[in-house]
Amino acid sequence: QVQLVESGGGLVQPGGSLRLSCAASGNILKINTMAWYRQASGKERELVAGIDGIDSTNYADAVKGRFTISRDNAKKTVYLQMNSLKPEDTAVYYCNADVWYYGGYSYYTRWGQGTQVTVSS
């Protein structure tokens, strides 16, 4: 089984920073795209940032210039550096990854359990 475990969430004041981490573990041969999504209360889950197998990145317009996604392939970990945080960034943040299992035949998308980020004074 593959697990994605997020960490780094918490309470931060507006203008502050947080760094989220998401580590994948299990029977993984390789990982393609990794991404961060978020879901605010009463809203649909939305893509925040993604990074593919050749480190090409994409960001939601709302976070461009403030958030940076990166990955460490040796650690099977994706990061989200969040700067200049705003109250509207408050949400549960989820990571996902397209993983190829040993003995598998395709990529499968797996999700983490989520970590709460609250931006408030």
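When Val2, Val48, Val92 are checked against the criterion of being aliphatic (A, V, I, L, M), under 19 Å from Ser120 (Cα atoms), out of contact with any Pro (no Cβ under 9 Å at 6 or more places or on another chain) and open to solvent by less than 60 Å² (accessible area, probe 1.4 Å), Val92 stands alone in meeting it.
All of Gly53, Gly15 fail the test of being at pLDDT below 95 and assigned to a loop (DSSP other than H, G, I, E, B), apart from Gly53. Applying the condition of being among the polar types (S, T, N, Q) and in a strand (DSSP E or B) to region 79-121 and asking which residue is farthest from Ala49 (Cα to Cα) yields Thr118. Scanning region 25-45 turns up no residue that is open to solvent by less than 60 Å² (accessible area, probe 1.4 Å) and free of Cβ contacts under 8 Å to residues at least 24 places away in the same chain. Take the conditions (1) touching a residue at least 40 places away in the same chain (Cβ under 8 Å); (2) more than 27 Å from Gln1 (Cβ to Cβ); Asn58 misses just one of them, which is (1). Restricted to region 65-121, and to residues there that are among the acidic types (Asp, Glu) and in contact (Cβ under 8 Å) with a residue 12 or more places away in the chain, the residue that is nearest to Val5 (Cα to Cα) is Asp98. The combined condition, being within 14 Å of Asp52 (Cα to Cα), open to solvent by 60 Å² or more (accessible area, probe 1.4 Å) and modelled with pLDDT of 95 or more, is fulfilled by Lys76.
The values are calculated or read from the model by the stated rules, or taken from the named source; none is laboratory data. Because the structure is a prediction, the values reported are computed rather than measured. Glycine also receives a Cβ, built like all others from the backbone with ideal geometry; neighbour counts cover every protein chain displayed. Surface accessibility is based on the protein's heavy atoms, side chains included, excluding ligands, DNA and RNA. Shrake-Rupley method; radii C 1.70, N 1.55, O 1.52, S 1.80 Å.
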